[in-house]
Amino acid sequence: MKRLVIACAIALTAAAASARPHVRPAHRGAQMRRLAKQLNLSDAQQQQIRDIHQAARERNQQLYADFRTKFRQFRELKRAGDPAADNLRAELKPLRDQIRAARKATRELVRGVLTPEQRQQLDERMAARQRRRRG
C-alpha cells in the first residue's frame, strides 16, 4: 500500500511538472521582487517590466506550446527507439532558436527600462551567475 501511494505521488508530480511552463508564475513574482530590491527599481520601472513580460508571454504563447508538443513527441519516439525521433529533433532546432531570440528581445526591452547604473548592476549579477553555473 505504501509503495502504491509513493508511486501515485511520483506519477502525479511528474504529470504536473510536464504540464506547467519552465518558470512557475509564483517564481516569476519572487524573481521580480528580488530584482526590484537588488536594483532598487522604482514602482514605474517594475510596472513597465511586468508589462514587458506579460506581453512577451502572450506573444510567444503559441511558440512555447508548439515547442512543448514537439519535444514531448520527440521524447516518446526516442524512448521507443523510433528513427523518426531524428526528424523531430531537426524540427526542434528552429523552435529553440526562435525561443532564444524571443527571450533575448525581451531582455533587451527590460534593459531599456533600466538606468545605466542598474544595467551595470544587472550585467555584473548575470556574469556572476554564469561563473557559478560553469563552476
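None of the figures in this text is laboratory data; all of them are computed from the coordinates on show. Here the structure is a predicted model, which means the values were calculated and not measured. Every residue, glycine as well, gets a Cβ built from its backbone with ideal geometry; the counts of neighbours run over all protein chains shown.
Odds and ends about this structure:
- Fully extended contour minus Cα-Cα distance, from Arg111 to Arg72, at 0.36 nm per residue: 10.7 nm
- The Cα center of the range 43-77 and the Cα center of the range 90-135 differ in position by 15 Å.
- Cβ-Cβ FRET estimate between Gln61 and Met126, R0 fixed at 25 Å, reported to 0.05: 0.45
- Over the range 23-134, equivalent-ellipsoid semi-axes from the Cα gyration tensor in Å: 34, 16, 13
- Using R0 = 22 Å, the C-beta based FRET efficiency linking Ala44 and Arg119 works out to 0.85.
- Across the range 23-134, the mean sequence separation of Cα contacts (distance under 8 Å, 6 or more residues apart), normalised by length, yields a relative contact order of 30 percent.
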